[in-house]
Amino acid sequence: MSTITTTEPGIRIPGTSSRFLDPTGSGDQRQGRLRYLTGGSGAPLVMLHTVRTQAEHFRHLIPLVQQRYTVYALDLPGMGYSQIVPGASYDEPAMRAAVTRLVTQLDLRDVTLLGESMGAVLALTTAADLADRIRRVVAVNAYDYAGGIARSSLLARLIVTGVIAPGVGPMLSRLEPKPVMRAILTGGLADPTALREDYLDELLNVGHHPGYPTVARAVYRNLPSLVAARARYPEVIAPVHLIYGDKDWSRSSDRQANRRQLPDAEFTQIPNAGHFIALERPGVPADVLNSVA
């Protein structure tokens with residue numbers, strides 16, 4: 001039986017409301033009902049979060065752009081308040097299909113896609129699929145290299161390795177002590193104070209949804225599909241802006257490889273910024289977005 005979460009997030013973003021996309025075809029059933037936050041006015045801006053987070057990841061960025069864009073911040077399948085469907089796939093093509101579904105089911109056109117980390121990869125590959133609907137892509141700290149979060153710290157490496165391991169993995173995925181979760185997330189920040197307690201509590205609450213540990217484990221196990229998705233980048237014809245924090249988990253060689261894949265892309269590297277730029281430096285992507293609105 002699939003699980004539909006009925007609780008509401010504890011974080012409110014002024015000027016936005018939660019809405020849901022119900023499945024309309026047999027393919028949609030594998031993703032279930034998708035939740036998204038929307039608000040603002042102007043051309044559509046689709047925001048895509050990363051592993052173990054949700055639409056509220058953009059809580060500081062949305063208010064900076066909603067005067068110029070109508071925001072659609074998606075909870076990816078099984079995450080946040082989207083439906084958890086047992087047996088669903090969480091590889092890159094399946095998650096990209098959910099983004100495509102949001103854009104096409106709402107018949108969005110002239111779309112700007114902004115994604116962070118895993119969401120940056122999905123923004124680029126969705127742009128490759130929907131060239132006639134996509135205006136621009138802003139890809140923040142694209143998570144498309146081997147290692148990823150395991151580069152953050154020894155603790156993160158041990159936890160992720162344990163979660164995806166057979167046998168003990170399912171048990172570990174159900175255990176998320178708050179201090180451990182805080183340590184893993186702050187490993188993606190140059191400024192640890194950017195992780196607010198209410199956001200940490202929100203993520204921990206979502207982690208208690210029935211079936212969520214299985215989702216989290218499946219997402220981690222499918223991270224190699226994000227690396228494989230880099231092969232799609234040269235198919236993107238929309239303008240692309242790559243943003244990296246200088247303290248991101250990616251290495252210089254990873255960033256330069258993407259610049260070769262996307263030779264016409266604009267490139268910004270932010271000093272003293274980590275992986276979760278939407279949390280600690282939201283003004284940077286906001287300035288990029290507003291300058292081309």
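The values are calculated or read from the model by the stated rules, or taken from the named source; none is laboratory data. Bear in mind the structure is a predicted one, so any value in this text is a computation, not a measurement. Glycine gets a Cβ as well: all are built from the backbone with ideal geometry, and neighbour counts include every protein chain shown. Remember, those area values only see protein heavy atoms, side chains included, never the ligands or the DNA or RNA. Shrake-Rupley method; radii C 1.70, N 1.55, O 1.52, S 1.80 Å.
Things to note:
- Report note on the peptides 91-101, 253-263, 72-82: ranked by the mean count of other C-beta atoms within 10 Å, highest first, their order is 72-82, 91-101, 253-263.
- Distant-in-sequence amide H partners of Thr70 (H built 1.01 Å from N, under 5 Å): Ser41, Gly42, Ala43, Leu45
- Exposure of His275 as accessible area (Å², to 10), given a probe of 1.4 Å and all protein chains: 0
- The charge dipole of the stretch 30-84, taken about the Cα centre with unit charges on the Cβ atoms of Lys, Arg (+1) and Asp, Glu (-1), comes to about 100 debye, rounded to the nearest 20.
- Taking amide H as placed 1.01 Å from N in the peptide plane, His275 has its amide H under 5 Å from the amide H of Leu189, Ala190, Trp249, each at least 5 places away in sequence or on another chain.
- Per-residue ³J(HN,Hα) for the stretch 54-62, Karplus 6.51 cos²θ - 1.76 cosθ + 1.60, θ = phi - 60°, Hz, x for Gly and Pro: 6, 4, 5, 4, 9, 4, 8, 7, 4
- When the surface is traced with a 1.4 Å probe over the full set of protein chains, Ile11 keeps roughly 10 Å² accessible.
- Each stretch of four or more DSSP H residues adds -39500 (n - 2.57); spread over every residue of the chain, this sum gives -10000 deg cm²/dmol at 222 nm.
- Percentage relative contact order, the chain, counting C-alpha pairs under 8 Å, at least six apart: 21
- For the stretch 40-84: relative contact order, % (alpha-carbon pairs under 8 angstrom, 6 or more apart): 49
- Entry for volume of the Cα convex hull per residue in Å³ (calculated from the structure that is shown) out of [x] 136; [y] 116; [z] 124: [y]
- Note: relative contact order over the stretch 1-144, using C-alpha pairs below 8 Å and six or more positions apart, is 24 percent.
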